[in-house]
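Working notes for the structure below.
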Amino acid sequence: MTADDKLLPESPVAGLIPTLNKTGWMTEALDDYSRDFAEYAGKIGADGDESLDIGCAYGVATLAALAQGARICACDIEPQHLAILDQRVAPEDRSRYRSTTGTLPDVDFPPASFGAILAARVLHFLDGPQIETTAGKMFEWLRPGGRVYLVADTPYTGPWYVHAERYEQRKADGDPWPGFCDDYAALLPENTDPEGHPDFINPLDPDILERVCSAAGFNIIRAGFLSSSTPGARGNEHAGVIAEKPA
Ligand SMILES: C[S@@+](CC[C@H](N)C(=O)[O-])C[C@H]1O[C@@H](n2cnc3c(N)ncnc32)[C@H](O)[C@@H]1O
């Protein structure tokens with residue numbers, strides 16, 4: 001066991017670390033788009049541009065980006081996650097790191113603060129209007145030419161996968177938020193106390209992410225399904241979009 005392992009809560013599931021606020025798990029491996037964020041944030045960090053990792057948990061993406069020279073503002077709704085992340089940051093990276101507690105969609109940052117923003121696996125905890133507000137705020141927070149990286153859980157993962165067919169039908173019928181489940185507590189494994197869990201879950205797909213980013217003013221660079229990279233992954237567990245604010 002490393003010193004870093006002692007900081008993180010024990011996990012019963014390979015590849016995932018439980019959150020302390022019942023908002024699922026942090027992945028131990030980066031998905032493809034989060035890996036791109038880490039590399040891009042590293043590149044623009046050399047020019048002094050700061051990047052935001054929001055919904056960062058214990059910093060799987062923040063630490064990877066810092067290791068590549070990024071300047072990172074790590075933000076999460078849960079201060080206990082940030083307290084752990086603060087201790088995980090390597091001494092040589094600390095001058096390029098800060099953390100702040102904040103809750104989407106209410107949190108605010110000054111306009112044109114960041115060169116890149118990552119929100120990995122947090123947007124599905126928001127309802128449709130909250131996601132649209134968030135995308136609009138991110139557009140403001142980015143400098144012209146800045147990039148947003150959004151990754152969300154899809155209807156094909158988590159305990160809500162049982163509603164995958166319903167999602168497909170609603171999508172075919174034109175529902176703008178076809179994965180929305182207002183019975184999240186009922187989907188939790190047997191013997192799970194629903195107290196403190198989210199009331200709803202809003203799994204997303206690449207089309208939704210593209211639509212929301214386009215409506216906010218972004219140009220889409222790439223969008224698609226992504227693998228969770230956990231044992232047994234089928235490749236459609238996450239949806240992602242990379243988009244750019246016009247220069
Ligand atoms: C499923 S974890 C994802 C962690 C990490 N980004 C990853 O990709 O593995 C969700 C994280 O988002 C945070 N979170 C949940 N709702 C949030 C909100 N409304 N605003 C900011 N952070 C939130 C949780 O505290 C948790 O750390």
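The values are calculated or read from the model by the stated rules, or taken from the named source; none is laboratory data. Computed from a predicted structure; not experimentally measured. Every residue, glycine as well, gets a Cβ built from its backbone with ideal geometry; the counts of neighbours run over all protein chains shown. These area figures cover heavy atoms from the full protein model, side chains too; ligands, DNA and RNA do not enter into them. Shrake-Rupley method; radii C 1.70, N 1.55, O 1.52, S 1.80 Å.
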request  = Return the calculated 222 nm mean residue ellipticity for the chain, to the nearest 500 deg cm²/dmol, obtained by summing -39500 (n - 2.57) across DSSP H runs with n ≥ 4 and dividing by the residue count.
outcome  = -8500 deg cm²/dmol
Accessible area per residue, Å², the chain with all protein chains present, probe 1.4 Å = 45
inquiry  = Using the crude model of +1 on Lys and Arg Cβ and -1 on Asp and Glu Cβ, and no other charge, please compute the dipole size for segment 57-199 relative to its Cα centre, in debye to 20.
reply    = 1000
query = Based on Cβ point charges of +1 for Lys and Arg and -1 for Asp and Glu, what charge dipole magnitude is obtained for the chain about its Cα centre, in debye rounded to the nearest 20?
reply = 740
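Determine the sum of side-chain charges near GLY196: Lys and Arg each +1, Asp and Glu each -1, restricted to other residues whose C-beta is under 14 angstrom from that of GLY196. Let's see the in-between values first.
On the way: positive: LYS22; negative: GLU78, ASP193, GLU195, ASP199.
Once positives and negatives cancel, what remains is -3.
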key: Estimated vicinal HN-Hα couplings, Hz - segment 41-48 in sequence order (Karplus 6.51, -1.76, 1.60; Gly, Pro = x)   = 4, x, 5, 6, x, 5, 8, x
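Got the relative contact order for segment 111-157 handy, in percent, Cα pairs under 8 Å and 6 or more residues apart? Spell out each step's value before the answer.
Working: 54 pairs, mean separation 29.0, N = 47.
So the answer I get is 62 percent.
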key: Residues of segment 54-74 with amide N under 15 Å of the 7 Å Cα→Cβ point at THR100   = 54-56, 72-74
message = Given R₀ = 41 Å, what would the calculated FRET efficiency be for ASP173 paired with ALA247, taking r from the Cβ atoms and rounding to 0.05?
response = 0.60
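Would you rank GLU190, GLU168, GLU28 by solvent-accessible area, highest first, keeping every protein chain in place and using a 1.4 Å probe?
Values: GLU190 165, GLU168 90, GLU28 110 Å².
Ranked from most to least accessible, the order is GLU190, GLU28, GLU168.
So for segment 23-103, what percent of the C-alpha to C-alpha distances run longer than 22 Å? Each step should come with its number before you reach the end.
On the way: 483 of 3240 pairs.
Beyond 22 Å sits 15 percent of the P(r) for segment 23-103.
Give the Kirkwood hydrodynamic radius (Å, one decimal) of segment 115-175, defined as one over the mean of 1/r across all pairs of different Cα atoms. Working shown, then result.
Working: mean 1/r = 0.0753 Å⁻¹.
Evaluated over segment 115-175, this radius sits at 13.3 Å.
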ask   = Ordered by residue, what ³J(HN,Hα) values in Hz, to whole numbers, does segment 102-116 give under the Karplus form 6.51 cos²θ - 1.76 cosθ + 1.60, where θ = phi - 60° and Gly and Pro are x?
value = x, 10, 6, x, 7, 4, 10, 10, x, x, 6, 7, 10, x, 7
key: Top positive-direction residue, dipole computed over segment 93-247 with Cβ charges, set TYR97, PHE218, MET138   = TYR97
In sequence order, calculated HN-Hα J values of segment 53-70 (Karplus, 6.51, -1.76, 1.60; Hz; x Gly/Pro) = 10, 10, x, 6, 6, 8, x, 3, 7, 4, 5, 5, 5, 4, 4, 9, x, 5
note = Expressed in angstrom, Rg and Dmax over the Cα atoms of the chain are 17.2, 53
query = Using Cα-only point scatterers and the Debye equation, what is log10 of I(q)/I(0) for segment 117-247 at each q in 0.11, 0.15 Å⁻¹, rounded to two decimals?
reply = -0.39, -0.71
task = State, as an integer percentage, the relative contact order of the chain based on alpha-carbon contacts under 8 Å between residues 6 or more apart.
result = 18
query = For labels at ALA186 and ASP47 in the simple 7 Å Cα→Cβ model, what's the distance in nm?
reply = 5.1
task = Over the chain, with every protein chain in place, what whole percent of the accessible area is carbon and sulfur at 1.4 Å, could you tell me?
result = 50
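Report the net charge of residues surrounding ILE208, where surrounding means a beta-carbon distance below 11 angstrom and charges are Lys +1, Arg +1, Asp -1, Glu -1.
Values: positive: LYS171, ARG211; negative: GLU132, ASP175, ASP205, ASP207, GLU210.
Summing Lys/Arg as +1 and Asp/Glu as -1 gives -3.
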